[in-house]
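Peer 1: Provided herewith is a single structure, encoded as structure tokens, for subsequent inquiry.
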Amino acid sequence: MSCKHGWFAIELAREKSARMLAEAEERRLARLAPRKSIWAMLRARVARSMVWFAVALEREATRQAVRQKLGAPRRP
């Protein structure tokens, strides 16, 4: 390897090493971060399901109100 390209290879190795150290530090900090309990995650999932169910019911109620106003035949 010529001297001209040697410094570039050294700089690339330093950058790669610094990047790997930074990623390792991020992983370490992520492990130390407090996690949500399983109950909190379950409660959030149930709440999201209830919201989607309410939205679906509201859509159906809106459709029924429009049908009644227009006098359209009901679906079986």
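Peer 1: Based on alpha-carbon positions alone, could you give the equivalent ellipsoid semi-axes of the chain from the gyration tensor, as √(5λ), descending, whole Å?
Peer 2: So the equivalent ellipsoid measures 62, 22, 7 Å along its semi-axes.
Peer 1: How much length is gained on full extension from R59 to A18, taking 0.36 nm per residue of separation minus their Cα-Cα distance?
Peer 2: 9.3 nm
Peer 1: When a/c reaches 1.5 or more, the comparison of a/b and b/c decides; with that in mind, is segment 35-76 rounded, prolate or oblate per its Cα gyration tensor?
Peer 2: Taking the square roots of the gyration eigenvalues as a ≥ b ≥ c, segment 35-76 is prolate.
Peer 1: Taking trypsin sites (Lys or Arg not before Pro) that fall in a DSSP loop and have at most 14 other Cβ atoms within 10 Å as cut points, what is the longest piece of the chain between them?
Peer 2: 37-73
Peer 1: For A44 and I10 in the same chain, what is the full-extension length gain: residue separation times 0.36 nm, less their Cα-Cα distance, in nm?
Peer 2: 7.3 nm is the gain from fully extending A44 to I10.
All of the numbers you see were taken from the coordinates with simple rules; none came from a lab. Here the structure is a predicted model, which is why all the values come from computation and not from measurement. All Cβ positions, glycine included, derive from the backbone under ideal geometry; neighbour counts span all protein chains shown.
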